[in-house]
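Here's the structure, in structure tokens; my notes come after.
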């Protein structure tokens, strides 16, 4: 019995939990440490949220820009109505605002402005050409290894020269340079349209600045290898043939234009080319 009591007392002593009551200074120090830890946690949480926000926003902007470009393309399909075309231009500007590095929006904006310029006159035409040149340059800066930016920049350069009212924006050499870049990157781009533009430059430019109707014929014929369905290329080839005295060849091209099967993507262009082809045929006869 004595031994059992001794054992119990020893076990009780070893099992005692010692409690103490902290003083005021210790409580204040503990609270201060808790406040510091809470502040650190809140700061880390805020930084984490901001980091996630910065990652997600560009993706959202890129998606918005792509949506604007897609909608703009739908308006371009209705480009004969210039109001619809201008709505497309507004959408492309919004795309560039959302994503300033969007190449697809930049070159399309140059393209849309070129179409607008060639179907208006006066200040509206001049402003469209200036905007087309500006966005064409942006496209080339963004991706100089693709043909679209070079082509539509060159087209707007050519439009400014042809207008006769927009001065100092381009030279004949500027047009040649951009079209030669297109040929280097994609010779058949837009159904041989780079050859068409080079041919037009040689056909319309004075000899003093390098114009050459015979060379125009050669360039347009090269384009025809890639653009048998390009109505405007055939129209300008007919003009070049007529300029060098090949009237029968000119008539053949014009008659081909009138018998072409319409491509749904280029109905406005075919209508215009056929109208001009009929006018030329009347003069040749």
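The values are calculated or read from the model by the stated rules, or taken from the named source; none is laboratory data. Everything numeric in this text was worked out from a predicted model, so none of it was measured. Reconstructed Cβ throughout: ideal geometry from the backbone, glycine too, with neighbour counts over all protein chains shown.
Residues of segment 134-178 that are over 18 Å from the mean Cα position of the chain (by Cα) and in a helix (DSSP H, G or I): 158, 159, 160, 161, 162, 163, 172, 173, 174, 175, 176, 177. Just checking, does segment 64-77 include any residue being over 20 Å from residue 153 (Cα atoms), at pLDDT 95 or above and loosely packed, with under 13 Cβ neighbours inside 10 Å? Yes, segment 64-77 has at least one match. Taken over segment 101-129, residues that are surrounded by fewer than 22 Cβ atoms within 10 Å (Cβ to Cβ), over 16 Å from the mean Cα position of the chain (by Cα) and part of a helix (DSSP H, G or I) amount to 6. Does residue 154 fit the bill of being more than 20 Å from residue 233 (Cα to Cα) and in contact (Cβ under 8 Å) with a residue 12 or more places away in the chain? Against the criterion (more than 20 Å from residue 233 (Cα to Cα) and in contact (Cβ under 8 Å) with a residue 12 or more places away in the chain), residue 154 does not qualify. The set of residues from segment 252-277 being in contact with a helix residue (DSSP H, G or I) (Cβ under 7 Å, 6 or more places away or on another chain) and modelled with pLDDT of 95 or more comprises 253, 254, 256, 257, 258, 260, 269, 270, 273, 274, 276, 277. Filtering segment 232-285 to residues that are outside any helix (DSSP H, G or I) and either surrounded by fewer than 14 Cβ atoms within 10 Å (Cβ to Cβ) or over 32 Å from the mean Cα position of the chain (by Cα) (or both) leaves 244, 245, 246, 259, 261, 262, 263, 285.
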